[in-house]
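Since the structure comes first, as structure tokens, the remarks are kept for the end.
Where a number appears in this text, it was derived from the coordinates with a stated rule and is not lab data. Since the structure is predicted, the reported quantities are computational estimates derived from the model, not experimental observations. With ideal geometry, Cβ positions are generated from the backbone for all residues, glycine too; neighbour counts draw on all protein chains shown.
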Amino acid sequence: MKLLEDILVLDFSQFLSAPSASLRLADMGARVIKVERPDTGDICRSLYVSDVEVHGESTIFHAINRNKESFAADLKKPEDRAKLNKLIARADVMLHNFRPGVMERLGLDYQQVKELNPTIIYGSISGYGEVGEWREMPGQDLLLQAVSGITYLSGSADDPPIPMGVAVGDIVAGTHLAQGILSALYRRLVTGQGAHIQISMLESLLDFQFEVITTYLNDGFQLPKRSSVNGAHAYIAAPYGIYKTHDGYMALAMGNIPRLGELLDSPPLQRYRDERSWFDQRDEIKHILKELLVTKPTAEWLARLEPADIWCADVLDYEKLRREEGYRVLQMEQQVHNEAFELTTTRCPIRVDGVILKSETAAPHLGEHNEEIENEFGL
């Protein structure tokens, strides 16, 4: 039996944040019906993050909407609303990521949906929360990264603010929504009580930074200071960073500087015996490492450091990563398909009793399941 077998999810969301939550629920066995506008559908179908498309639609849409069904409905048409109301009355979970106020105007906010289904688990994601002067601002990932403080954590001291190269706000918010929904489903099992799970991308990004924000709040409100040399973490001491080698790059995490000096045949590094100096003289130490590590190939440095249990790693791009046995053995890639195409994508990272959760069903065509759903639910 799948973990969420017999759980019915109505997904009214678009783009990435809430759809990533329903993707995870689908991966764990829930039945996810994606409610889309006729003609255009989820705008993510045409939201391109590259010039790569699959069967006329964006790869990102297919990556995040596999193993779901599509039901096309116009929320403003009475006949379509009547059909949706019947679905809502049967659903276990309903979720969306519209701006605050949109679902109220459509008559589909939690209080109104609760009248149709008192025990429903209703999940919503907003950009900046449902109160305050920012509530109407667009919840776009780069904009959320910009205001959250996270862009001052990557890179080095002289670099401009640097955003992460993935939609971290969307994905973390989706993860939090899935966590909240699963917790509410458990409570409903015990008490029969429904719930409204509310997530904002801003709060998720702030929680994502709990380590560094907590340091800031308890360190006299001193702003994070990125190191001038090979920055990787604003608060961690030397040698933490990524360094150029003779033929590539190598990552060095936390470590004992004098011991590192011995292994690298570097007398200058062996002078830093006071652990406080690894913080106070971080840039000096990292400059020495920068000048030293570029002189030999990555493999030679790793051969010295790894047997001594120094935390280090080669720096791989996707091409190199896919050649590594450590990657291949995880079986992180899967093929999803329908009658028109096949797509290679990643799988759910969760294993249950040693079993990998995979699904072969590709993202649906717009309105692909209307007839089937209407017949099954008597719509």
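With a Förster radius of 56 Å applied to the beta-carbon distance between R276 and H196, the computed FRET efficiency rounds to 0.70. With θ taken as phi - 60° and the Karplus curve 6.51 cos²θ - 1.76 cosθ + 1.60 applied, the whole-hertz 3J(HN,Hα) list for region 85-91 is 4, 5, 5, 4, 5, 9, 7 Hz, x standing for glycine and proline.
Calculated FRET efficiency, E284 to M137, Cβ-Cβ distance, R0 = 51 Å: about 0.75 to the nearest 0.05. Here the Karplus curve 6.51 cos²θ - 1.76 cosθ + 1.60, taken at θ = phi - 60°, turns the phi angles of region 324-329 into couplings of 7, 4, x, 7, 4, 5 Hz, with x standing for Gly and Pro.
May I ask you to list the trypsin sites (Lys or Arg not before Pro) in region 256-310 that are in a DSSP loop and have at most 12 other Cβ atoms within 10 Å of their Cβ?
Working: sites: R259, R271, R273, R276, R282, K286, K290, R304; in loops: R271, R273, R276.
When the trypsin sites (Lys or Arg not before Pro) of region 256-310 are filtered for loop state and at most 12 Cβ neighbours within 10 Å, R273, R276 remain.
Among the trypsin sites (Lys or Arg not before Pro) found in region 62-110, those both in a DSSP coil and sparsely packed, with 16 or fewer other Cβ atoms within 10 Å of their Cβ, are K76. Counted residue by residue at 0.36 nm each, then reduced by the alpha carbon distance between them, the extension gain from D159 to K2 reaches 51.8 nm. Checked against a 23 Å cut-off, the cross-linked pairs K34/K358; K2/K83; K2/K320 give Cα-Cα distances beyond that limit for K2/K83; K2/K320.
For region 297-310, the Karplus equation 6.51 cos²θ - 1.76 cosθ + 1.60, evaluated at θ = phi - 60°, returns couplings of x, 4, 4, 5, 5, 4, 5, 7, 8, 4, x, 8, 6, 7 Hz by residue, with Gly and Pro reported as x. For region 1-95, GluC sites (Glu not before Pro) meeting the loop criterion (DSSP other than H, G, I, E, B) and having at most 15 other Cβ atoms within 10 Å: E5. Database remark: amide H of M94 closer than 5 angstrom to the amide H of L10, I121, Y122, G123 (H placed geometrically; neighbours at sequence offset of 5 or more, or on other chains; Pro and chain starts carry no H).
Of V131, V93, V54, the residue with the greatest mean-square motion in the GNM of the chain, using alpha carbon springs below 10 Å, is V131.
What FRET efficiency comes out for E376 versus E130 if R0 is 35 angstrom and r is the Cβ-Cβ distance? Round to the nearest 0.05.
Details: r = 34 Å, r/R0 = 0.98.
About 0.55, to the nearest 0.05.
Note on the chain: GNM, Cα springs under 10 Å; of L116, L95, L330, the largest mean-square fluctuation is that of L330.
When the Gaussian network model of the chain links Cα atoms closer than 10 Å, the mean-square fluctuations of G165, G155, G127 top out at G165.
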